[in-house]
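Step one of this worksheet: look at the structure below.
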Amino acid sequence: MRTLNIAAGVAILLATVAADARIRTEAREYKDGNTVLEGVLAYDDAQSGRRPGIVVVHDWSGLGPDVKGRIEMLAKLGYVAFAADIYGKGVVPKNAGESAKLAGEFKADRPMLRRRAQAALDVLLADPHVDPKRVAAMGYCFGGGTALELARSGAPLRAVVSFHGFLDTPDPADAKAIRAKVLVLHGADDPFVPPAQVAAFEDEMRKAAVDWQLVKYGGAVHAFTIQGAGSDPSKGVAYNPEADRRSWEEMKTFLAATLK
């Protein structure tokens with residue numbers, strides 16, 4: 001009888017904790033020079049005290065439902081997550097052509113790209129829920145490469161995660177400024193980040209003595225975590241549910257170790 005009472009008590013306690021947990025999302029307006037940006041912050045307001053923070057950078061389609069869903073998932077894991085806005089408040093490409101043009105402008109101007117990422121990191125670091133000594137950056141496609149560029153700038157990050165991100169950079173020697181541990185999650189059959197680019201990235205990391213990992217998912221192409229990417233790998237862009245699940249678990253283990 002006592003065992004049953006204890007079990008019932010534990011069940012009630014867990015139910016109460018679950019009921020008290022509430023993921024809050026808040027729009028945060030900020031600036032890069034005269035450019036107004038607007039990101040979204042997510043956190044669990046049932047937690048108290050400072051906790052690790054993560055900047056999350058969108059893919060080339062801009063700050064939309066995919067990245068907003070990811071920051072809520074991270075908040076449920078106990079992180080404060082801030083979805084960065086690289087393009088500018090209200091700037092959302094209407095199609096792939098517009099996305100390519102916008103992303104291309106930032107890829108061609110890495111100082112501007114780093115500056116926009118740093119502006120988002122500054123918002124995260126200033127939030128009272130965040131432990132500024134335990135911060136990370138991660139991103140998807142265009143955002144994965146952006147997170148890596150932020151690390152190359154010497155930003156005070158403990159961890160960086162790239163999901164199917166671009167890996168090239170104008171000056172590989174910048175990797176010597178990386179202070180974070182790096183995890184790259186890559187589609188082994190990604191035609192947009194081909195083997196030569198992957199090999200150059202590996203060489204860059206080795207020469208800079210970075211603590212890095214690269215995980216390749218067989219059969220996965222570009223954008224393997226994005227459900228709206230379709231289901232036809234022959235197009236070079238496709239959602240892969242198994243690679244999505246595995247890469248998220250890999251990220252969870254990595255962040256738990258680096259941000260503990």
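Could you work out which residue, out of A108, A84, A117, moves most in a Gaussian network model of the chain, that is, has the largest mean-square fluctuation with Cα springs under 10 Å?
Maximum among the listed residues: A108.
Given the Cα-Cα distance of D127 and A209 and 0.36 nm per residue of separation, how much length would full extension add, in nm?
On the way: separation 82, 0.36 × 82 = 29.52 nm, distance 3.18 nm.
Full-extension gain reported as 26.3 nm.
Label the range 127-226 by shape, choosing from rounded, prolate and oblate, from the square roots a ≥ b ≥ c of the eigenvalues of the Cα gyration tensor; if a/c is under 1.5 it is rounded, and otherwise prolate applies when a/b is larger than b/c, oblate when it is not. Spell out each step's value before the answer.
Details: a/c = 2.17, a/b = 1.35, b/c = 1.61.
Oblate.
Once you place label points 7 Å from the Cα toward the Cβ at V36 and R24, how far apart are they in nm?
Going by the 7 Å Cα→Cβ label model, 2.4 nm.
How large is ³J(HN,Hα) for each residue in the range 37-50, as worked out from phi by the Karplus curve 6.51 cos²θ - 1.76 cosθ + 1.60 (θ = phi - 60°), to whole Hz, x for Gly and Pro?
10, 9, x, 10, 9, 10, 7, 8, 7, 7, 8, 10, x, 6
On a 0 to 90 degree scale, rounded to 10, what angle separates helix 65-76 from the longest Cα axis of the chain?
Approximately 40 degrees, to the nearest 10.
Count of lysine pairs in the range 23-258 with Cα atoms under 16 Å apart, counting only pairs 8 or more residues apart in sequence or on different chains?
8
For the range 23-258, what is the percent of antiparallel DSSP beta bridges, rounded to the nearest 5?
Within the range 23-258, antiparallel bridges account for around 30 percent of the total.
Considering only Y30, Y79, Y140, give the residue with the highest GNM mean-square fluctuation for the chain, with springs between Cα atoms whenever their separation is below 10 Å.
Among Y30, Y79, Y140, the largest mean-square fluctuation in the Gaussian network model of the chain belongs to Y30.
Over 17 Å, how big is the tail of the calculated P(r) for the range 102-176, in percent of all Cα pairs? Walk me through the numbers on the way to the answer.
Working: 1138 of 2775 pairs.
Roughly 41 percent, once rounded to a whole number.
List the trypsin sites (Lys or Arg not before Pro) within the range 31-140 that fall in a DSSP loop (any state other than H, G, I, E or B) and whose Cβ has at most 10 other Cβ atoms within 10 Å.
Loop-located and lightly packed - K94.
Rounded to the nearest 0.05, what FRET efficiency do A173 and W248 have when you use their Cβ-Cβ distance and R0 = 45 Å?
0.90
Taking θ = phi - 60°, what integer Hz values does the Karplus form 6.51 cos²θ - 1.76 cosθ + 1.60 yield along the range 100-117, in sequence order, with x for Gly and Pro?
4, 5, 5, 4, x, 4, 6, 5, 7, 10, 5, x, 5, 4, 5, 5, 5, 5
Express the relative contact order of the chain as a whole percentage, based on alpha carbon pairs under 8 Å and six or more residues apart in sequence.
Relative contact order for the chain comes out at 14 percent.
Pick from G33, G143, G69: which residue has the top mean-square fluctuation in a GNM of the chain where Cα pairs under 10 Å get a spring?
Per the Cα network of the chain with a 10 Å cutoff, G33 tops the list.
FYI, it's all coordinate maths here, none of it is from the lab. Model, not experiment: these values are computed from the prediction. Reconstructed Cβ throughout: ideal geometry from the backbone, glycine too, with neighbour counts over all protein chains shown.
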